[in-house]
1. Output wanted: per-residue J couplings in Hz (rounded whole) for segment 58-67, from phi through Karplus 6.51 cos²θ - 1.76 cosθ + 1.60, θ = phi - 60°, x for Gly and Pro.
2. In segment 186-245, which GluC sites (Glu not before Pro) are in a loop and have at most 13 other Cβ atoms within 10 Å, using DSSP for the loop call?
3. Which pairs, out of Lys177/Lys221; Lys152/Lys194; Lys115/Lys205, put more than 30 Å between their alpha-carbon atoms?
4. Among the trypsin sites (Lys or Arg not before Pro) in segment 50-94, which ones are in a DSSP loop with at most 16 other Cβ atoms within 10 Å of the Cβ? Mind listing them?
5. Apply 1/(1 + (r/R0)^6) to the Cβ-Cβ distance of Leu87 and Arg169, taking R0 = 30 Å, and write down the FRET efficiency to the nearest 0.05.
6. Just flag the trypsin sites (Lys or Arg not before Pro) in segment 159-188 sitting in loop per DSSP whose Cβ has no more than 11 other Cβ atoms within 10 Å.
Amino acid sequence: MRQLLNGLEISPLEDKRISIEEAVQWAEEHLFDRNSVVLECQVWQEALGRARGEGFSVSELKEFTQRRGYIRDADRPAEVTLRDVLLREWEMVQTAKEGVGDCHPLCGLGNQADKLAEEYLRLAEQNASAVVVSQTWGEVHRVNSRVRDALKAKGLLGANDTTVQVLDRLDLTKAQKRDERFYPQDAVIVFNQKVREAEPGSKGKLAGILKSSVLVEVGGKFVTVSNKMLDRISVCQSREQAFAGHEFENCAG
């Protein structure tokens with residue numbers, strides 16, 4: 001392994017220090033990946049977490065973001081956004097206006113999973129396809145569990161389960177993929193698309209975070225994934241998943 005690492009240009013320790021600008025850029029990339037508007041204090045919080053142990057103060061951080069050129073609403077000055085983010089949101093609104101597909105609003109959070117299970121069962125009985133979209137994988141698993149229970153009750157799934165090990169994708173932003181804090185000890189990196197010598201479906205382990213890329217060990221070799229290509233990998237964790245009857249046959253096929 002040492003011989004393999006010798007060919008890589010890994011920044012010395014002093015070069016890994018994170019400046020205020022780098023910390024704020026990381027915070028913006030992470031927060032605006034999923035939000036169009038955020039509280040400025042969230043930017044401070046994420047930047048401080050990214051630059052833990054560095055020498056700048058909170059007051060210096062606040063002064064820096066005041067000069068950042070954020071777009072603010074005069075009535076809500078604590079909320080900030082960026083021009084590129086607003087352009088992205090505008091494109092999404094335009095796409096929605098064109099009416100791509102049908103969407104059904106979610107019900108209250110209290111009985112959301114039960115209602116979605118009922119709706120899914122109704123569509124299944126009509127041989128129609130349906131996709132349930134949720135913000136978190138925890139909610140996805142909860143809804144899946146309710147749907148499976150409903151299908152079993154109707155006799156559409158077998159009663160006996162087969163348990164297998166599956167990989168659960170962690171819901172990480174590109175920024176989080178560049179931060180070791182968000183990699184569990186048993187994390188498995190799965191390549192969704194080809195990156196250098198790594199084919200789609202290849203699995204590896206995190207070997208290190210470089211200045212402009214992530215280093216992944218795949219089958220005893222190192223593959224560098226540039227920051228621009230981080231959407232081609234998924235960070236996963238292994239867990240047990242129960243399958244019943246036709247579910248297992250469909251997955252195996």
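Each reported figure results from applying straightforward, stated rules to the coordinates on display, with no laboratory input. Please read all numbers here as calculations on a predicted model, not as lab measurements. Virtual Cβ from ideal backbone geometry, glycine too; neighbours counted across all protein chains shown.
1. 5, 5, 5, 5, 5, 4, 5, 5, 5, 9
2. Counting only loop positions with at most 13 other Cβ atoms within 10 Å, the GluC sites (Glu not before Pro) in segment 186-245 are Glu197.
3. Distance filter (> 30 Å) returns Lys152/Lys194; Lys115/Lys205.
4. Passing both the DSSP loop test and the Cβ count: Arg52, Arg67, Arg68.
5. About 0.60, to the nearest 0.05.
6. For trypsin sites (Lys or Arg not before Pro) across segment 159-188 that sit outside H, G, I, E and B with at most 11 neighbouring Cβ atoms in 10 Å, the list is empty.
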